[in-house]
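The values are calculated or read from the model by the stated rules, or taken from the named source; none is laboratory data. Small disclaimer: the values here were computed from a predicted structure and weren't measured. Here Cβ is always computed from backbone atoms with ideal geometry, including for glycine, and neighbour counts include all displayed protein chains. Heavy atoms of the whole protein, side chains included, go into the accessibility calculation; ligands, DNA and RNA do not. Shrake-Rupley method; radii C 1.70, N 1.55, O 1.52, S 1.80 Å.
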Amino acid sequence: MPDLSHGGAADDAADAAAVNALRSAVMRLSRRLKHQRVDESLSPTEMSVLGTLARCGSATPGELARKEHVQPPSMTRIVALLEAKGLVKLEPHPDDRRQKVVTSTEQAEAMLEESRRRRNAWLTAVAEGLDDDEWSKLRAAAPVLEKLAHL
């Protein structure tokens, strides 16, 4: 674990406890959010690839593999499955004829939008139990959690 200290053993212990609580909460929340999926036939990895395409735009399978932290052969299989389901299309690379570019389809974009809508609605309903101070802390923490998610 990196040195998270800010001035002593008490801070080290508090930082370790915060990291442990964050890990546990993020994992539990992630599991609960996964139950709100629109298309149960897609794996979490397939959904993640579609989300990456939505956020970052078209990419080669190699670029997607790096962004998703999977091996290129695995990404090739994932892309083939998504293409067979009509969720992505492969197009020639504009500069390298040996490569293909993966682009999400309108069907994928509509599915992702519905999935986001459903998950946001669920999370909003759960968060209704927060008080004003907790909402303020959540708003402050959201950018930090977003940064952690993309490091």
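Summary of values
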read-out	value
Neighbour-limited loop hits for GluC sites (Glu not before Pro), the range 59-151 (at most 11 other Cβ within 10 Å; DSSP other than H, G, I, E, B)	128
Simple Cβ-charge dipole of the range 1-142, Lys/Arg +1 and Asp/Glu -1, about Cα centre, in debye nearest 20	600 debye
Helical contribution to [θ] at 222 nm, DSSP H n ≥ 4, -39,500 (n - 2.57), averaged over the chain, rounded to 500	-22000 deg cm²/dmol
Hits among aspartates and glutamates - C-alpha to C-alpha of residue 89 under 12 Å, sequence gap 8 or more where chains match	106
Solvent-accessible area per residue, Å², over the chain with all protein chains present [probe radius 1.4 Å]	69 Å²
Using alpha-carbon coordinates, inclination of helix 44-56 to the longest axis of the chain, degrees	80 degrees
Alpha carbon centroid spacing (whole Å) that separates the range 72-96 from the range 99-151	25 Å
Principal-axis tilt of helix 72-84 within the chain, Cα atoms, nearest 10 degrees	70 degrees
Surface share of carbon and sulfur [accessible, 1.4 angstrom probe, percent] for the range 1-125	54 percent
Whether the range 20-68 is rounded, prolate or oblate, judged on the alpha carbon gyration tensor where a/c under 1.5 counts as rounded	oblate
Set of aspartates and glutamates near residue 100 by C-alpha distance (under 13 Å), chain-local residues within fewer than 8 positions excluded	63, 83, 91
With Cα atoms, 0 to 90° folded angle of helix 132-149 axis to the chain main axis	50 degrees
Exposure rule at most 13 other beta-carbon atoms within 10 Å, DSSP loop trypsin sites (Lys or Arg not before Pro): the chain longest free segment	1-96
